[in-house]
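Working notes, structure below.
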Amino acid sequence: MIKKYWPHFLFIVYLIEFIYCAIYPISLDVWLDKNLIAGIIVLFFVILYVFKIRFSNISYTLAILFPIVSTLGGYLGFGDNSINVFNNIVSIGSDVFEKLGHFFFGFYAYPSIELLLKTNKINSKWLASFIVIGIIGFITMDYEMIEIFDAIKTGAVDVTTITTSKFGILYIQKDIFTGTIGAIVSSVIYLFINRKKN
């Protein structure tokens, strides 16, 4: 019973969080920015579910982490004092929700591997994992480039000081690395759970 309705439960949890966080977020612009991609991804999974394209409950569990973290981080506007204290303790150099978001985005490797294998275009779970890790790394890199161009266009950062800002090369590399590590971790989880399958 629980297994059958687990995706519905996760969706309801996300909706509750979404509605709650939509009420008076610290920064509406930040909230909208962080929820746009998350909302599109959730909608994508809903559409697939409606059209009978289903994933395992593990996939749905891993897939919901990114939208939940993005929604909460957007609600707090990356300005909550408790978050800043936590950042100082762990010394990650950036907002904890941003880093978690990049890491959890990589978890879409798990449902992506399942989807590739469902199409029967790829029969090897190892090859599917390798392809998915590369795709997620590429998507993460593209997203960082879009953020840079958007920041320059809107005047959020000056071209002359971009290397010392959050859009500097080192920060971008860390974000891409974090997302790729998430994809690797997710792929390892898939390979371990399905180790007895061909």
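Just so it is clear, none of the values below were taken in a lab; they were calculated from the coordinates. Keep in mind that this is a model prediction, so the values were computed, not measured. Neighbour counts run over all protein chains shown; Cβ positions are idealised from the backbone, glycine included.
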| query | So which of LYS118/LYS197; LYS34/LYS174; LYS34/LYS121 end up more than 22 Å apart, counting from Cα to Cα? | reply | LYS34/LYS121
| task | Calculate the spin-label point distance for ILE193 paired with GLN173, positioning each point 7 Å from the Cα along the beta-carbon direction, and give it in nanometres. | result | 3.4 nm
| request: Given the peptides 106-118, 14-26, arrange them by the average over their residues of other C-beta atoms within 10 Å, most packed first. | output: 106-118, 14-26
| message | Once you place label points 7 Å from the Cα toward the Cβ at ASP29 and LYS52, how far apart are they in nm? | response | 4.7 nm
